[in-house]
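Trainee: So that we are looking at the same thing, I have put the structure below in structure tokens.
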Amino acid sequence: GDIIDMYSMSRFGKDPKKRILKEELDMTNEFLDNLQKAMPKKCSAIYMYGNHEKRLEKYIESKAPELDGLLSLAEFLHLEKRGIDYRHYGKWLELDNVVYMHGEKLGVKSGYAAHRQMMRVGKTMAMGHTHRLALVHYTDWRGTYRAVEGGCLCQLDPDYVDGVADWQHGFVDWIDGVPTLHDFL
């Protein structure tokens, strides 16, 4: 989730000279093209909508309800044509006993949201949303679980954040059910 920002549809104050929706859609389509070229043929891709993707639906609901059902991000990003399955905002995905989700809650510090979600689902899990990097563990009578917050690839100093955003660039690699964090610090 949050692969596209939908800056122009954000509820936050914004500079009208900055990113327009068409540019964001073009950048996202280019990213998806490059991702698909880099993926091995036997892999499948799943696009999990995040709160930033949801901005289009919220915008249509509040500003142009007559367009509801006519415009969708999945169509703008050609997900069906690309063979990319997508999960709507708030939906979880479980593969090989690992739960993947975008996430909806934030924690005060890195790892707090992932730990809370891991305790809620009772499984190893990965989430986005927080823009922070974290790997936390928990062990009980059932075994040891891991939860990871995957960081972000966005601008770390957006104009709508006062001061310094507690965000980190990075991504997560899963090998044999074990997460590895890659940061760009």
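The values are calculated or read from the model by the stated rules, or taken from the named source; none is laboratory data. Nothing here was measured: the structure is a model prediction, and the numbers come from that model. Note that we place each Cβ from the backbone using ideal geometry, even for glycine, and neighbour counts take in every protein chain shown. Side chains are part of the model used for accessible areas, which takes the heavy atoms of the whole protein and leaves out ligands, DNA and RNA. Shrake-Rupley method; radii C 1.70, N 1.55, O 1.52, S 1.80 Å.
Trainee: In percent, what relative contact order does the range 1-94 have, based on Cα pairs under 8 Å that are 6 or more apart in sequence?
Mentor: That works out to 36 percent.
Trainee: So which lysines pass the test for LYS63, namely a Cα distance under 20 Å, with those fewer than 8 places away in the same chain ruled out?
Mentor: LYS14, LYS22, LYS54
Trainee: Moving on. List, in order, the whole-Hz ³J(HN,Hα) value for each residue of the range 32-41 obtained from phi through the Karplus relation with A = 6.51, B = -1.76, C = 1.60 and θ = phi - 60°; use x for Gly and Pro.
Mentor: Karplus values, whole Hz, x for Gly and Pro: 5, 4, 5, 4, 5, 5, 7, 6, x, 4.
Trainee: Report the residue, chosen from TYR49, TYR59, TYR100, that carries the largest GNM mean-square fluctuation when the chain is represented by alpha-carbon nodes joined by springs under 10 Å.
Mentor: Checking each option, the largest mean-square fluctuation is seen for TYR59.
Trainee: Percent of accessible area on the chain owned by carbon and sulfur, 1.4 Å probe?
Mentor: Percent of accessible area from carbon and sulfur atoms in the chain: 53.
Trainee: Further question: Picking from ASN29, ALA74, TYR7, whose Cα lies most toward the positive end of the charge dipole for the range 1-108 (charges on Cβ: Lys, Arg +1; Asp, Glu -1)?
Mentor: TYR7
Trainee: Under a point spin-label approximation (7 Å from Cα along Cα-to-Cβ), what is the LEU106-CYS43 distance to one decimal in nm?
Mentor: Result for the modelled spin labels: 3.0 nm.
Trainee: Please tell me the relative contact order of the chain in percent, rounded to the nearest whole number, where contacts are Cα pairs under 8 Å and at least six residues apart.
Mentor: So the answer I get is 15 percent.
Trainee: Could you report the range 1-139's accessible area per residue, 1.4 Å probe, as an integer in Å²?
Mentor: About 62 Å² of surface per residue is accessible.
Trainee: So in the chain, what percent of DSSP beta bridges are antiparallel if you round to the nearest 5?
Mentor: Bridges in the chain that DSSP calls antiparallel: roughly 60 percent.
Trainee: Short version: ³J(HN,Hα) in whole Hz for each residue of the range 160-176, in order, from phi by Karplus 6.51 cos²θ - 1.76 cosθ + 1.60 (θ = phi - 60°), x for Gly and Pro, what are they?
Mentor: Using θ = phi - 60°, the values come out as 8, 10, 7, x, 9, 6, 7, 10, 9, 6, x, 8, 10, 10, 10, 10, 6 Hz.
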